[in-house]
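Engineer: Take a look at this one; I'll ask things after.
The values are calculated or read from the model by the stated rules, or taken from the named source; none is laboratory data. All values derive from a computational prediction rather than experimental measurement. Cβ placement follows ideal geometry from the backbone for every residue including glycine, while neighbour counts extend to all protein chains displayed. The accessibility values were calculated without ligands, DNA or RNA, using every heavy atom of the protein model including side chains. Shrake-Rupley method; radii C 1.70, N 1.55, O 1.52, S 1.80 Å.
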Amino acid sequence: MIQRRLLTTIRRMTEEAKRLAGCAAVDNHVKNNQALGIGSGSTIVHAVNRLAERVKQENLNIVCVPTSFQARQLILQNGLVLSDLDRHPELDVAIDGADEVDSELNLIKGGGGCLAQEKIVAGCAKSFIVIADYRKDSKNFGEQWKKGVPIEVIPMAYVPVIKALQSRFGGVAELRMAVSKAGPVVTDNGNFLLDWKFDKVHEWKAVNTEIKMIPGVVDTGLFINMAERVYFGMEDGTVKIRDKPVH
């Protein structure tokens, strides 16, 4: 009973941390007459809720480009204007979550399976803003996120890509299997996902480039040097802001 109450309290605290981060990002970066990229995952739900509130209260003229089917549904359910990169190839701001953030503001993304579209949308934005709770903050990759780097692959290539990853970089790469259906997870693009569980700290910029050159790889969940700012919702009800380091 006590353990159940503790788990419930932790869940509430985490959800509130996500909400605080999402609201702070929307309040600080969304202005009238903008085209926004809307990310995927549990934290983005709070950001979209806050965005819908502001659009209604302030009569903002905002268009939203989704990174996934989930993001598309969130936009429509909240009565926001849905657009795409055909009509808005240049976005003012993209807001998205992350599975892990390192000290250089590099990200691991793709735990929810939308990494390729998330990276495309983030790359089209003048400003890429990340929202996360306190559990996602690490000095080095792998400290908090234990499920590895997601990699989207063409289905016919998944076995050769697994072999290439393990022989070149070590660790273990596995095909991500679905939970409520038989067989592998299939992305919005009709591809498979590998989760590469690395066994050491790498030079991530170089590794990201090398992995993307393996035939059959669509993209990686390594978002290197893309985020401008991260908002972390904290356990104590505050929001910690971290900007990209200047070297």
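Engineer: Could you tell me the center-to-center distance, by alpha carbons, between the range 176-247 and the range 17-72 in angstrom?
Structural biologist: Between the Cα centres of the range 176-247 and the range 17-72 lies a distance of 21 Å.
Engineer: So, one more: Using label points projected 7 Å from each Cα along Cα→Cβ, tell me how many nm separate LYS126 and LYS31, to one decimal.
Structural biologist: 0.7
Engineer: Here's another thing I want to ask about it. Sequence gap of 8 or more, or different chains, plus Cα separation below 27 Å: how many lysine pairs satisfy both in the range 1-152?
Structural biologist: 29
Engineer: Over the Cα atoms of the range 149-220, each weighted equally, I'd like the Debye log10 I(q)/I(0) at q = 0.12, 0.16, 0.19, 0.23 Å⁻¹, rounded to two decimals.
Structural biologist: -0.29, -0.51, -0.71, -1.00
Engineer: Let me ask something else about it. At LYS240 and ALA206, where each label point lies 7 Å from the Cα along Cα→Cβ, what is the point-to-point distance in nanometres?
Structural biologist: Simple spin-label model gives 3.0 nm for this pair.
Engineer: Roughly how many percent of the accessible protein surface of the range 97-151 is carbon and sulfur, given a 1.4 Å probe and a whole-percent answer?
Structural biologist: Numbers: 830 of 1790 Å².
Its accessible area is 46 percent carbon and sulfur atoms.
Engineer: Let me ask something additional. In nm, to one decimal, how far is the GLU58 label point from the VAL159 one, both placed 7 Å along Cα→Cβ?
Structural biologist: With each label point 7 Å from Cα toward Cβ, the separation is 5.5 nm.
Engineer: Could you calculate the FRET efficiency of LEU6 with GLN77 from 1/(1 + (r/R0)^6), where r is the beta carbon distance between them and R0 is 41 Å, rounded to 0.05? Could you put the intermediate results ahead of the total?
Structural biologist: Numbers: r = 32 Å, r/R0 = 0.79.
It comes to 0.80.
Engineer: Counting heavy atoms of the protein chains only and a 1.4 Å probe, report the per residue accessible area for the chain as a whole number of Å².
Structural biologist: On the way: 12310 Å² over 247 residues.
I get 50 Å² per residue for the chain.
Engineer: Averaging sequence separations of C-alpha pairs under 8 Å and six or more residues apart, then dividing by the length of the range 149-220, give the relative contact order as a whole percent. Provide the component values of the computation, followed by the final result.
Structural biologist: Numbers: 110 pairs, mean separation 33.7, N = 72.
About 47 percent, as a whole number.
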